[in-house]
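Below: the structure, in structure tokens.
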Amino acid sequence: MTTVHIQLRVNGKGHELDLAANKFLLDVLREDLGLTGSKRGCDDSSCGACTVLVNGEPQMSCIMLAASHADDDIATIEGVAVDHHLDPLQLGFAEEGGAQCGYCTPGIILTAKSLLAKYPEPTDAEINDALSGNLCRCTGYTQILASVKRAIEILRQSRLAPGAANGLHKSPVAWTSPIGARVPMVDSREKTTGAGIYTDDIRLPGMLVGKVLHSPHAHAGIRAINVQEALALPGVRAVLTGANTPVKYGILPIGHDETIFAVDKVRYIGDNVAAVAAESEAVAEEALRRIRVDYDVLPAYFDPEKSMLAEANLIHDERPRNIEKEYHHHFGDVEAGFARSDLIREDRFDCAEVTHAALEPHSTVARFDPADAGSLTVWSSTQVPYYLQKTLAATLQMPEERVRVIKPLVGGGFGGKSEVIPLELAAAVLARRAARPVKITYTREEVFYAHRGRPRTIIDLKTGVQRDGRLMAVEARIVQDGGAYCGYGPVTILYSGQLLNAMYAIPNVKFDGYRVLTNKPACGAMRGHGTVNARFAFEAQLDRIAAVLGVDPAEIRRRNFLKPPCTTINGLRVLSYGYPECLERVVERSGWREKRGKLPYGRGIGLAGSHYVSGAANPIIRSTMPQTTVRLRLDPSGEVTIFSGAAEIGQGSDTVHVQIVAGELSLEMDRVKLVAADTARTPVDLGSYSSRVTFMAGNAALDAARQAKARVLEAAARRLGCTAADLRLEAGKIFRDEDSRPAMSFSEAAGLAAGAEQFLEVSGSYSPPSDAQGGKFKGGGVGPSPAYSYSAQAVEVTVDTHTGEITVDRIVAAHDCGKAINPLAVEGQVEGSVWMGLGQALQEEMLWENGRLMNAGLLEYHSASTLESPPIEPILVESNDPEGPFGAKEAGEGSLAAVIPAVSNAIYDAVGVWITSLPITPEKVLKAIKEKQKSEIRTQNLRDHYSDF
Amino acid sequence: MQAFEYARPTTAEAAVALLGSQWGDSEVLAGGTDLVSLMKDYVVSPKRLVSLKDIKSLGGIEYKPKSGLRLGATVTFQELLDSPEIARNYPALVQAAQGVTSPQIRSRGTVGGDLCQRPRCWYFRLGYGLLAQSDGKPLVPDGDNRYHAILGNEGPAYFVNPSSLAPILIALGAKVRVQGQQGVREVSLHNFFITPKSAEEREYALQPNEMLTDILVPPPEGIHMALYEVRQKEALDWPLAAAAVAFKLSGGKVDDPRVVLGHVAPVPWPSLEAEHALEGNTVGEASADEAGKAAVSRATPLSKNAYKVKLAHVAVKRAILAAAKGGANA
């Protein structure tokens, strides 16, 4: 390899470097210069996360040979803030919520900076066009646009009044509660400056590169694996196969069917066969090529309905007919319900498989310390540090207390990091074998194959209604193509059936659910877990029924509202129910009455609803332990530190903790610090899945804060010679009775409470109440939640009737979040959910052919850019749940599902066709329009024919 | 990615001297927006990369009313879009460049690279070779061919040409200049694209040791021109079908029309049928529709891409109507 000596000018500073001639700028920035703010999202010029400015122009550093750019001025995110003064863009992104997970943020800020340098006052369209090469998977771009516009405003003001101070957390004169306030994320500085550390940014001394060997066959026995040649390669430090790692694991106790590396057989293209740890990526890759695997190729199953008929060559021997799990629920009497129905509709829906495609690829760093019987530290891009710790301990056969899991910043999850991903275990076993730290970061293609996304779902839905539209019976047969391993499968299929309920009053419900194994990567939990496709089917069919009955789609929904507090026929307890308000607000804001059925041909409006759990009432592993424990430490100065195991993944979990504690103790937010998601330092929280964090960890934090407050007031009362009941805490000060002059400051009282030990610690916890834990039937444990969020949405579309192209013009989305503790973050969650649902509705799809993924890249997967992301107007509805912290419920998932049927219902309004398969491509629309025209011509011909007589 | 030698010649002659006599030995690197991804995926693994960055003569935009436009091969999309002469004289070329979204690609991707980019056919990108074969058997006819060719697809090539600029450039009668070992030759852009018969060939008429240096576009005098693209996705994607048209109007009648379809065949597809249908007609809904219908009259869709026939038809129709509406260059 030729090396070249170059001088590279980065952020105005020269660097003398001896580099391999073929090294890319992104690698030089990250590895040689330690500038890890430039992110690797795809490594193939698809996503823009690695954008840097080259002589002021945004370019992608992953495809730029460093040696070609010796003459250029290169700017990275690290150079944007000057002397720690944040740039207006960085302030704008903090203030307007433009940075959620933060992984795309550096690239976006740099691209925007280049735009504003050329055009200080761009239009919205110009901003969107400029940002069209920077993909984001969190925000839906609405808050990104707002952030750039905020920066423009700050710049405008500073031009008018130069020298005006700008800072992030400006303290207001009087304390106001942060509960319900639009506060910036507590980690926004890290995320906007490039200082934040994600797993792949970590470099430990002596760290090796780990790489995994994946199966090229969809289904094959392994006769033999020979690793000798790989081991002999200089620079290789460890090679491991299934023979070294036989312990089975899985996220569900009933589904331990995976091993770190395949034992005896592989079950999908991409299955994990072996792994190496080596001194460099090139050596690791070469070592993989030298591993000889002797396969015995078996017939494979790719279609779930065919797989269900399998008699031989089963994917798992212990799963007859390749059925992972089937559930049959019957509540009430559907036959009687159908008998009393005036109209019964039956339709089949087919929803394509989709995946999370978080911008941060999975990454894990593992370090094993052999001293003292060995201890393991793992940094990982995970939503579930606690389950990862347990699984590491089980598969590596180590005591749990010797395994420490630390979650650095996570660049988006959406459910894709909510179970243990094989690289997390592979990195750990390699680190133990090599006795050196090991990092594995998946390539974008590996991320697609790691998958665990939303399964292809085939739904046969039968609904019976009375003449007035009242629901009488619903019967659903749902088949999910689960891929080769169990994963969350039984939970996913159960959600699809159980959450047919808790939206509308349905007196009779029957559900037959099949989770089927096929030779493809395992599906898993994805935003709106299990509910999304069933909700699409239900809400689309409901509109079809409304059309036949001649009832307005909004009205048919009103006629079927629940009447809470109530318990549904399958045992789901519903207390707060903001769905009616969501629906009315959407009808109002969207102009529904003026538009539905009244827009010209080719334009239409549709609406639909959806809902989701605020945390699963039952933990994955049954236990009497609380779902969350949060500890608070008060320093004598009155500073508070929160210790929480909850996993921030960009949704604002850290911020909501700080808000709740600061709000309850009436402190400024900057006096509350947070230590989170480090199993050695923080108490157990089950993780960021099923939208549980604000509700559960939030309740635990509130519980802890209330205890701390009581202890502080007691200490103050002792000093003041009164009882705690005589005192109140307000704005950081303690008042006695009705006294308007404070008797003592919070800090002073905290010092008293800390006492001679100078230390006060309390812990709070949360367990869902027993009456929220659901029915006592098989599968009854999935679906129950202490509270449900609700969403209603209206979507306007334009359909090009000659090409089938669909343009979404506007989306109004109302979400009942109980109480918006941080409206900025809640709106971001709602917009992000709607946007992700829109992607599933129109563009996203995993295209498999014989077990091979045809579109394993962000371009090919069709992740939407700014240019096909319509403005989303969020409306927050606050139903004040009696059990939520300050009344809060979930916000991050419940809005995803409704947008899909709202789009299909809008297409019906526009051109009169029903599309029952996802995604709704131009091809499908065109075909449906053509068939409709044909059948209309047939009907007309028939009429003409008969009129002759 | 396989290791490679990196060369930075300063003249076109020196550059072609560094190219091998077989495809695959060396690759020419301009913006790298396509090539680098192909290398990272081991679809191509050149032993040498020849960078064009230091060859000054390959840049530059020159426009003269008499002789027309010269675009250097390494002119970027952004430079093209920033050129007032191009905006004034070749509006459809600007439309085509605008179809390449994202400032990152525009500021790096080059016009020469656009013409020489490799097909987006997913079988090719997955390593099944240019003709998408497994054990000598073509994968496309029975496989997922939703984005593949509907014209000129009798095999063995089924991919579509991915160029954004080629359809309109061909419609405008553009030529390209090619630097070879023995000197420079010119070839019409229409003839620059070929349908390969074997996986060892390329989809353009270059020898392995030749490279494209300039694009030459005749003056646009009196020409009505337009491009229409049908897309599933606005940005970061390729059109499902596109049509470029250029014609003169004399006495309200179409004179010497050129209709070139994009993304429907292994090469940009000049449609003689559409041109014939349009010639001598006035432009209106009916005649444009007739031309669109004629453009796809010989289409032979594969198992999953019949919908593209309609899209191509509509693209031709709309491009004709837009061109007539757009006025001609004086």
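For the segment A:855-868, counting C-beta atoms of other chains within 10 Å of every residue's C-beta and taking the mean gives 4. Free of any GluC sites (Glu not before Pro) that DSSP assigns to a loop and that have at most 16 other C-beta atoms within 10 Å, the longest stretch within chain A is A:319-638. Counting only residues at least eight positions apart within a chain, or on another chain, the lysines with an alpha carbon under 22 Å from that of residue B:66 are B:175, B:248. Dividing the Cα radius of gyration of segment B:34-152 by 2.2 N^0.38 Å, with N the residue count, gives 1.31.
Computed with the Debye formula from one identical point scatterer per Cα of segment B:50-117, without solvent, the log10 of I(q)/I(0) at q = 0.16 Å⁻¹ comes to -0.52.
For the peptides B:307-317, A:242-252, the ranking by mean Cβ contacts within 10 Å, running from highest to lowest, is B:307-317, A:242-252. Over segment A:147-301, the hull volume per residue, using the convex hull of the C-alpha atoms, is 261 Å³.
In angstrom, the C-alpha Rg and Dmax of segment A:97-158 are 10.8, 32.
Compute the FRET efficiency between residue A:710 and residue A:330 as 1/(1 + (r/R0)^6), taking r as their Cβ-Cβ distance and R0 = 41 Å, and round to the nearest 0.05. So, using R0 = 41 Å, E works out to roughly 0.25. The convex hull built on the alpha-carbon positions of segment A:694-792 has an orientation-averaged projected area of 10.3 nm². Other protein chain C-beta atoms within 10 Å of residue C-beta, averaged over B:92-101: 1. Peptide B:225-237 is shielded by partner chain Cβ atoms: per residue, an average of 6 of them sit within 10 Å of its Cβ. With helices as the sole contributors, chain A gives -8500 deg cm²/dmol at 222 nm; each DSSP H run of n ≥ 4 counts as -39500 (n - 2.57), and the sum is divided by every residue. Just the Cα atoms of segment B:190-236, one point each, no solvent: what log10 I(q)/I(0) does Debye give at q = 0.15, 0.24, 0.25 Å⁻¹? Calculated log10 I(q)/I(0) at the listed q: -0.78, -0.94, -0.95. A Cα-only calculation for segment A:1-136 places Rg and Dmax at 14.9, 48 Å.
With both residues required to sit in segment A:622-749, DSSP beta bridges show an antiparallel share near 70%. When the pairs A:23/A:439; A:595/A:930; A:211/A:520; A:709/A:819; B:253/B:325 are compared against a 18 Å limit on Cα-Cα distance, A:23/A:439; A:595/A:930; A:211/A:520; A:709/A:819 fall above it.
Neighbours of residue A:780 by Cβ distance under 14 Å: Lys/Arg scored +1, Asp/Glu scored -1, total +3.
The orientation-averaged shadow of the Cα convex hull for segment A:799-949, equal to a quarter of the hull surface, comes to 13.8 nm². For trypsin sites (Lys or Arg not before Pro), the sites in segment A:428-532 that DSSP calls loop and that have at most 14 other Cβ atoms within 10 Å are A:467. Taking packing as the residue-averaged number of other Cβ atoms within 10 angstrom, the listed peptides B:38-44, A:53-59 run from highest to lowest as A:53-59, B:38-44. So if we plug the beta-carbon distance of residue A:244 and residue A:305 into 1/(1 + (r/R0)^6) with R0 = 45 Å, what FRET efficiency do we get, rounded to 0.05? With a Förster radius of 45 Å, E is 0.75. Shape descriptor for segment B:15-74: Rg over Rh equals 1.10 (Cα atoms; Rh from the Kirkwood inverse mean 1/r). Computed from the alpha carbon atoms alone, the convex hull of segment A:649-715 holds 94 Å³ per residue. Each residue of segment B:99-110 was assigned a 3J(HN,Hα) from its phi angle through the Karplus expression (A = 6.51, B = -1.76, C = 1.60, θ = phi - 60°), giving x, 8, 7, 6, x, 4, 6, 5, 7, 10, x, 10 Hz with x at Gly and Pro. Pairs with C-alpha atoms separated by more than 32 Å, drawn from the list B:40/B:304; B:137/B:308; A:118/A:417; A:39/A:390; A:889/A:924, are A:118/A:417; A:889/A:924. Note on chain B: with a GNM built from Cα contacts shorter than 10 Å, the maximum mean-square fluctuation among B:181, B:104, B:117 falls on B:104. Peptide packing for A:368-377, B:203-212, B:64-73, B:233-242 was compared via the average number of neighbouring C-beta atoms within 10 Å per residue; ordered from the highest value, the list is B:233-242, B:203-212, B:64-73, A:368-377. Which value results for Rg/Rh of chain B when Rg is the Cα radius of gyration and Rh the Kirkwood radius based on the inverse mean 1/r? Reported Rg/Rh, Kirkwood definition of Rh: 0.96.
The Cα atoms of the protein assembly as shown define a convex hull whose projected area, averaged across directions, is 52.8 nm².
Per residue, chain B reaches -7000 deg cm²/dmol at 222 nm when only DSSP H runs of four or more residues are counted, each adding -39500 (n - 2.57). For segment A:449-534, report the % of Cα-Cα distances exceeding 22 Å. Tail fraction, whole percent: 29.
Here segment A:292-345 is treated as an ellipsoid with the same Cα gyration tensor; its semi-axes, largest first and in whole Å, are 41, 13, 8. When its C-alpha radius of gyration is set against 2.2 N^0.38 Å (N residues), segment A:628-766 gives a value of 1.06.
Since every read-out is calculated from the coordinates, none of them should be taken as a lab result. Just so it is clear, the structure is predicted and the values come from calculations on it, not from any experiment. Here Cβ is always computed from backbone atoms with ideal geometry, including for glycine, and neighbour counts include all displayed protein chains.
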